[in-house]
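For reference, the structure is listed below as structure tokens.
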Amino acid sequence: MSNNIACTHCHLEFNESVMIKDGEHYFCCNGCQGVYHLLNEEGLDSFYEKAGDTKLTPQTGQYADSSNFNSPAFYDKFIKINSDGFSEVSLIIEGIHCSACVWLNEKALHQMDGVVEANINYTNNKATIVWAEDIVKLSGIIDMIRAVGYNAFPYDASIQEVQANKERKDYYLRMSVAIFATMNIMWIAVAQYAGYFTGIAQDMKTVLNIAEGILATPVLFYSGWIFFRGAYFGIKTKTVNMDILVATGALLTYIYSIYITIVENGEAYFDSVSMIITFVLIGKFLEVLSKKNAADALDIMGQNIPNEVNIIENGSIVSCKLDDVKVDNIVVVSCGEKVLLDGEILKGDGSFDESNLTGESEPIYKTIGDSVVSGTVSIDADIHFRVTKDFEHSTLSNLMMLLESAISKKPKIQQMANRLSEYFSSTILILSFVTFLVWFVFFDDFETSFIVGISVIVIACPCALALATPLATLVGLSLGIKKGVLFKEAAQLETMAKTNVLLLDKTGTITVGKPEVVNEKVFQEFDKKLLYSLVKSSKHPVACGIKEYLKTQNEEIKDIIFDEFSHIPACGIDAKYQDKVVIGGNLKLMKQNGIEIFYSSDNTIFYFAIDKTVVAIYELSDQIKVGAKELIASLSKKGIESVMLTGDHKSIAIKVAQEIGLKNFFYEQTAEDKANYVKKLHKDGKVVVMVGDGVNDVLALALADIGIVMGSGSDIAIDVGDVVLLNDSLKSLEDSFKISRTTFGLIKQNLLISLIYNSITIPLAMAGYVIPLVAAISMSISSLLVVGNSMRIRLKWNKR
């Protein structure tokens, strides 16, 4: 076997042809290669000196073959290709229970060649991983996760529920053992404390110590196993985490108590060992339940999605897998069923519940020709509809994907908190050791010095610090969904909270966006099909208003196919049909094409010209949205300046601005004008939010710090926007500001709670005023305070 080469990491031998060559090193798999680089990066390469030539057993052996993650079926169901051409998957990382676990996994994955991005959310253990398929396979990424002591499986709402139940069951068993043993230890402790004050023979005291030690052993090593496991991987990767603090404090106290029992001199603290593990474990369990409760609100849209729908095929109703339904298939939906695909109603009518998407509880009536949106529920409608988007590109699927992305993006303040917690635990260990030395030097009492040092370790809580931001962020995102506000990234909550300028488009944002024709002037007879086809191709509200007007005049009107066609942002549309040049839009577009016309009106004007001759003019009027005036007044009180940017002419801009109490506005704005105004505000140091819904708003939306898009807006605007208002209401826009400011304030409150707790309790423990038992209880309470504060805000908003 002269061609066999040993893997640099695990030392197992394989044929050279299957090995991965990395410089002068050879690896049997990406997992070994990744762990090798991780250990060297973190200065742990001495591991190989200690291991010698010992062959290591790969940790992946206890798991299913990772090559299953490369199967075509898996790729079709769980993996997406993003706009940059990279593969993207959402995974649940099993075994994460503190911020250091998140850090370790992200660090390990970022070390791998081909991994572009790896973000893990601490609150629900969901990882979003982006990688280059031609450099690394998903199986290699899974192997790396397993190599550092964790496991991963694809994110699926139903699978996640099974895993959550499994985790809760494990906690139940461990807590049951801990609570049972601790209760019995306390009965023994009562006898010991009574004997301490009234006198007790040493041999009886030793018997009681042995009994306590027997009961404390399963508590420490079974119930407390999760802390030892976390501590092991923390030490392995040179990371001091919360688990090291708990495991160190409990184990040292246990060993010391065994020593006291053997030498029969002094006080044993088996009761403290049991209490430390029990109370911290209960705190962790309540924390897990709270995180699950907060995350459930974000999974509401993806829950209970059937795998099949009914379609009409060859005149019969048949079942079809959801992913196999194609555009133009006819889907049958009965009353009470969920609409899973976007489409247009061909038969039937009735009411639909859109509250999951818009936050509005009022049913929406729809009939033939209306659009149905995936994620809504048929209340009393039996319909047939034509599919306009397959499931992968449906509204429901896109929103679920955006939510997953939102959760994985960390706000800057969370990144700061995570960096702080990395150094926190190391500092606590140093303080504990210094406290022990000071007490021992000044008081010459090993037992007292030891107990005070242990108390310092146990009472410190980096967990509360790590929880402060992600839990508050999760609450903010879930509140947004309930109010019809979708934040594409959690980081946008922090940015939006700092906003001082709001830019508003007029049509579809300040106004209802459904202008109606109030006057038609025809100067020359023309084929109405030309105008109908021109406006039908646009989603601009003015074009939609004219389309509806033409349909009411002639329900049988047909559209034609243009030879050439193009949108001119903030101006209109031009096209060519046979030998005719057709133009429709505002006065600016007419002037750009050398068409001179003079017409005055306080309404929106749409000019229609054929071969540079205006043949018709349409006047349209739009209603101001409910709450527009109140929104401007409310934001003004918060110190946010509101500015309207509209492509309409001066008289309409003045009329709308006066009606809603807006002082600052600009009219006849092109897409470039809006973008340049955003740039100007940035130069002045402003944090800018832009709200729009059309193609002419895209540049400004992209340049603004936060781009907010109406849910009914154009597809490109929704893609560029950072926040989507699913129900198009200005109340949702106001709620988005309230939610972002509330969330940012909650984050600061939670960080303050954690810092105040540690700044008070750690000095008290160092001064000897806190015993390990009280320290364990306090440690759990600090985490629960952060959790409770976050849930308080959620309950408060739910009552609104």
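Between Lys107 and Glu668, what is the label-to-label distance in nm when each label sits 7 Å out along the Cα-to-Cβ direction?
Label-label distance for Lys107 and Glu668, simple model: 6.1 nm.
Ordering Trp225, Trp439, Trp131 by how much accessible area each has at a 1.4 Å probe, largest first, what is the list? Present the calculation step by step, with values, prior to reporting the outcome.
Numbers: Trp225 125, Trp439 45, Trp131 0 Å².
If we order Trp225, Trp439, Trp131 from most to least accessible, we get Trp225, Trp439, Trp131.
Mind ranking Arg792, Arg386, Arg146 by accessible surface for me, highest first, 1.4 Å probe?
Numbers: Arg792 105, Arg386 75, Arg146 10 Å².
Ranked list, largest accessible area first: Arg792, Arg386, Arg146.
Residues with amide H under 5 Å of Val691's amide H, sequence separation 5 or more or different chain, H placed in the peptide plane at 1.01 Å from N; which?
Leu503, Leu504, Asp505, Ile708
Cβ neighbours within 10 Å, averaged per peptide: list 244-252, 260-268 in order, most packed at the top.
Details: 244-252: 24.1, 260-268: 14.6.
Ranked from most to least packed, the peptides come out as 244-252, 260-268.
Packing-wise, with mean Cβ within 10 Å as the measure, how do 678-688, 752-762, 487-497 rank, highest first?
On the way: 678-688: 14.4, 752-762: 17.3, 487-497: 22.7.
Highest-to-lowest ranking by the protection proxy: 487-497, 752-762, 678-688.
Name the lysines eligible as straight-distance cross-link partners of Lys166: C-alpha to C-alpha under 18 Å, and not fewer than 8 places from it in the same chain.
Correct list for Lys166: Lys126, Lys284, Lys291, Lys292.
Which pairs, out of Lys576/Lys680; Lys521/Lys625; Lys506/Lys591, put more than 31 Å between their alpha-carbon atoms?
On the way: Lys576/Lys680 38 Å; Lys521/Lys625 28 Å; Lys506/Lys591 22 Å.
Check vs 31 Å cut-off fails for Lys576/Lys680.
In 10 Å bins starting at zero, report the fraction of Cα pairs in the stretch 304-345 per bin as a rounded %.
For the stretch 304-345, the pair-distance distribution reads 28, 63, 9.
Could you tell me whether the stretch 530-639 comes out rounded, prolate or oblate from its Cα gyration tensor? Rule is a ≥ b ≥ c as square roots of the eigenvalues, rounded for a/c under 1.5, then prolate if a/b exceeds b/c, otherwise oblate. Walk me through the numbers before you get to the answer.
Details: a/c = 2.26, a/b = 1.76, b/c = 1.28.
Note, shape of the stretch 530-639 comes out prolate.
Taking θ as phi - 60°, what are the ³J(HN,Hα) couplings along the stretch 543-550 by the Karplus curve (6.51, -1.76, 1.60), each to the nearest whole Hz, with x for Gly and Pro?
My calculation for the stretch 543-550 gives 4, 5, x, 5, 4, 5, 5, 5 Hz in order.
Using modelled amide H (1.01 Å from N, peptide plane; none on Pro or chain starts), what sits under 5 Å from the amide H of Asn151, excluding residues fewer than 5 places away?
Glu94
I'd like the Karplus ³J(HN,Hα) series for the stretch 336-352: coefficients 6.51, -1.76, 1.60, θ = phi - 60°, whole numbers in Hz, and an x wherever there's a Gly or Pro.
Once θ is set to phi - 60°, the couplings for the stretch 336-352 become x, 8, 8, 7, 9, 9, 7, x, 10, 5, 9, 8, x, 7, x, 9, 10 Hz.
Sort Tyr171, Tyr769, Tyr26 by heavy-atom solvent-accessible area, probe 1.4 angstrom, most to least. Please list the in-between numbers first.
Numbers: Tyr171 15, Tyr769 175, Tyr26 45 Å².
Output order, biggest surface exposure first: Tyr769, Tyr26, Tyr171.
Check which residues have an amide H placed less than 5 Å from Glu337's amide H, if you skip close sequence neighbours.
Here the answer is Ser378, since their amide H atoms fall under 5 Å of that of Glu337.
What net charge do the residues around Ser66 carry, taking every other residue with its C-beta under 11 Å from that of Ser66, with Lys and Arg at +1 and Asp and Glu at -1? Before the final figure, lay out each step's value.
Details: positive: Lys137, Arg146; negative: Asp65, Asp143.
Around Ser66, the surrounding residues sum to 0.
Before anything else, pin down the relative contact order of the stretch 467-593: Cα pairs under 8 Å, at least 6 apart, normalised by residue count, whole percent.
Details: 106 pairs, mean separation 18.1, N = 127.
Value for the stretch 467-593: 14 percent.
For the stretch 560-577, what does the Karplus curve 6.51 cos²θ - 1.76 cosθ + 1.60, with θ = phi - 60°, yield as ³J(HN,Hα) per residue in whole Hz, taken in order and with x for Gly and Pro?
Karplus values, whole Hz, x for Gly and Pro: 10, 9, 7, 6, 9, 7, 7, 8, 10, x, 6, 10, x, 9, 10, 7, 10, 9.
The values are calculated or read from the model by the stated rules, or taken from the named source; none is laboratory data. Since we're looking at a predicted model, the values are computed, not measured. Please note: Cβ atoms are built from the backbone with ideal geometry, for glycine as well, and neighbour counts cover all protein chains shown. The protein model used for the area step is the full one, side chains on, heavy atoms only, and it has no ligands, DNA or RNA in it. Shrake-Rupley method; radii C 1.70, N 1.55, O 1.52, S 1.80 Å.
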